[in-house]
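Trainee: For reference, the structure I am asking about is given below.
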């Protein structure tokens, strides 16, 4: 068998900034399993993806203990494995934020840079209705891992001093107006300079390195085989297939976390498809970053795309043409799969 090669095609790559939204959750999932594996080599207490976690979350006046996750039907515990599954199944923001708090802002960014994602800047958590100042995004709480023997591994609170420099060219803005937190229309672009960012190529490269560790030049992820398999399974599963956590099918149909799925179903039966992906959507940007396999033929491809739909150019008004974005991403997946696989 000859050496595997990756043949790549791109359109308008790097032409302008886009907000990656939940697509960066893939980075947190990878960093979390790596951090946990590293921590396990430094402590005598056994810890794993399913070890219960307790967060000691500070507020302005006190510290609250967070140890319960009612969506975990096994034992009600917060675990790295359960947060990762929620993150992929329904793009749960709180799950991402917990992983962000475990790994820490500095380590999350530095791990990804070491793996070649030099464009990545994860500056903040994702929206979960908890009010935070910009300085809070650098702070992560103390936490503990409790194994079945009631032995704990504690991690202190962290404060990141990482220099997340401004993007080349300085300030980044999107749109021509936005709705403020008070509901007022502000006639100026929304500032994205201090928001998360990544190139589309770097997001795809991370996915490639999970499935084909030796295909790209540069640093490998060095994922443990069991951890890599867990990430793959979590990425591929549909909400309807999950028994823990469980999700109502009406609210979370199978395409909820897979923008490319409807287009792919025009070409192949669902039973023949495996879609390993992480999508994102916010501020009019829709992104999907996927590895798609036809398990009957064994043929596969990577497909990553982003589209911006905001006809009135106003941010935060919830008037984004996401139906247009959905149609574009579905049609793109159909065209690419027909081109590469043919129509069955």
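Trainee: Working carefully through the options 161, 182, find the one that is surrounded by fewer than 13 Cβ atoms within 10 Å (Cβ to Cβ) and in contact (Cβ under 8 Å) with a residue 40 or more places away in the chain.
Mentor: The match here is 161.
Trainee: Given the options 279, 329, name the one that is modelled with pLDDT of 95 or more, outside any strand (DSSP E or B), within 20 Å of residue 25 (Cα to Cα) and in contact with a strand residue (DSSP E or B) (Cβ under 7 Å, 6 or more places away or on another chain).
Mentor: Values: 279 fails: outside any strand (DSSP E or B).
The unique qualifying residue is 329.
Trainee: Taking residue 274 and the conditions (1) surrounded by fewer than 22 Cβ atoms within 10 Å (Cβ to Cβ); (2) in contact with a helix residue (DSSP H, G or I) (Cβ under 9 Å, 6 or more places away or on another chain); (3) more than 25 Å from residue 342 (Cα to Cα), which numbered condition does it fall short on, given that it satisfies the others?
Mentor: (3)
Trainee: Shifting gears a bit: Could you go through segment 201-212 and let me know if any residue there is at pLDDT 95 or above, over 17 Å from residue 306 (Cβ atoms) and in a loop (DSSP other than H, G, I, E, B).
Mentor: Checking segment 201-212: at least one residue is at pLDDT 95 or above, over 17 Å from residue 306 (Cβ atoms) and in a loop (DSSP other than H, G, I, E, B).
Trainee: Being free of Cβ contacts under 8 Å to residues at least 60 places away in the same chain and either in contact with a helix residue (DSSP H, G or I) (Cβ under 7 Å, 6 or more places away or on another chain) or farther than 23 Å from residue 26 by Cα (or both), is that true of even one residue in segment 190-201?
Mentor: Yes, there is a match, as at least one residue in segment 190-201 is free of Cβ contacts under 8 Å to residues at least 60 places away in the same chain and either in contact with a helix residue (DSSP H, G or I) (Cβ under 7 Å, 6 or more places away or on another chain) or farther than 23 Å from residue 26 by Cα (or both).
Trainee: For residue 317, only one of the following conditions fails: (1) farther than 30 Å from residue 187 by Cα; (2) assigned to a loop (DSSP other than H, G, I, E, B). What is its number?
Mentor: Residue 317 satisfies every listed condition except (1).
Trainee: So is residue 326 surrounded by 14 or more Cβ atoms within 10 Å (Cβ to Cβ), in contact (Cβ under 8 Å) with a residue 60 or more places away in the chain, in contact with a helix residue (DSSP H, G or I) (Cβ under 9 Å, 6 or more places away or on another chain) and more than 19 Å from residue 10 (Cα to Cα) or not?
Mentor: Criteria met by residue 326.
Trainee: Can you tell me which residue is modelled with the highest pLDDT among those in segment 59-80 that are more than 22 Å from residue 147 (Cβ to Cβ) and out of contact with any strand residue (DSSP E or B) (no Cβ under 8 Å at 6 or more places or on another chain)? Step through it out loud before you land on a result.
Mentor: Step one: of segment 59-80, the residues more than 22 Å from residue 147 (Cβ to Cβ) are 59-64.
Right, trim to out of contact with any strand residue (DSSP E or B) (no Cβ under 8 Å at 6 or more places or on another chain) and you get 59-62.
Details: 59: 74, 60: 66, 61: 59, 62: 69.
Looking at residues that are more than 22 Å from residue 147 (Cβ to Cβ) and out of contact with any strand residue (DSSP E or B) (no Cβ under 8 Å at 6 or more places or on another chain), I get 59.
Trainee: Here is a follow-up. From the list 119, 148, which residue is surrounded by fewer than 22 Cβ atoms within 10 Å (Cβ to Cβ), at negative phi and under 22 Å from the mean Cα position of the chain (by Cα)?
Mentor: Being surrounded by fewer than 22 Cβ atoms within 10 Å (Cβ to Cβ), at negative phi and under 22 Å from the mean Cα position of the chain (by Cα) holds for just one of 119, 148, which is 119.
The values are calculated or read from the model by the stated rules, or taken from the named source; none is laboratory data. Remember, it's a predicted structure, so these values are computed and weren't measured experimentally. A quick note on method: Cβ atoms are made from the backbone with ideal geometry, for glycine too, and the neighbour counts reach across all protein chains shown.
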